[in-house]
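Take a look at the structure below.
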Amino acid sequence: MSKFLTVVLIVAAAFSIALAQEPSQTPNNPPNLGRAPTTENGIGRLDLRVVDEDGNPIRNAYAKLESMRTDGYFCESWNDTDERGIAVLPPIHMGTLKLKVKAKGYHKFELDVPASSLSEPVRVILQKKS
């Protein structure tokens, strides 16, 4: 009987750990694919989530990330959001970052983004044009 209880406890513990790893992960909220650079001018990647004022994802929003590095070089990457309002931009060397997002029927959005914050998705709410 003690072997049975031990097995039950191990299975229960493993199941609890699996549930605790990503409680908010759903098909519409996948895990972060962004990456903060680990060094000055290091390579990083932006994971962007774009929604409207009601929280609805915006498809085909164009996002561009501009990077002015401390060594004087300028880098940029861009992508369009998918049906879930998600765009993962190609990796670039990161310095001072400016994110620009635009979508048809919405006001253009610009944001200075600290490179160190890219370990989490960047969330943007676009305002509809009147």
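If I stretch the segment between D54 and S116 completely, what's the gain in nm (0.36 nm per residue apart, minus their alpha carbon distance), one decimal?
Values: separation 62, 0.36 × 62 = 22.32 nm, distance 2.84 nm.
Extra length available between D54 and S116 comes to 19.5 nm.
Label positions at T39 and T70, each projected 7 Å from the Cα along the C-beta direction, are separated by 1.2 nm. Each label point was placed 7 Å from the Cα along the Cα-to-Cβ direction; for T96 and I125 their separation is 2.8 nm.
About the Cα centre, and with charges only on the beta carbon of Lys, Arg (+1) and Asp, Glu (-1), how big is the dipole of the stretch 24-88? Nearest 20 debye, please. Could the numbers behind the result be given before it?
Numbers: 7 positive and 11 negative charges, 46 e Å.
For the stretch 24-88, the charge dipole is close to 220 debye.
Distant-in-sequence amide contacts of G95, defined by a placed amide H-H separation under 5 Å and a gap of 5 or more residues or a different chain, comprise M68.
Taken together, the values in this text are just the output of simple stated rules run on the coordinates, not laboratory data. No experiment lies behind these values; they were computed from the predicted model shown. So basically every Cβ, Gly included, is an ideal-geometry build from the backbone, and we count neighbours across all protein chains shown.
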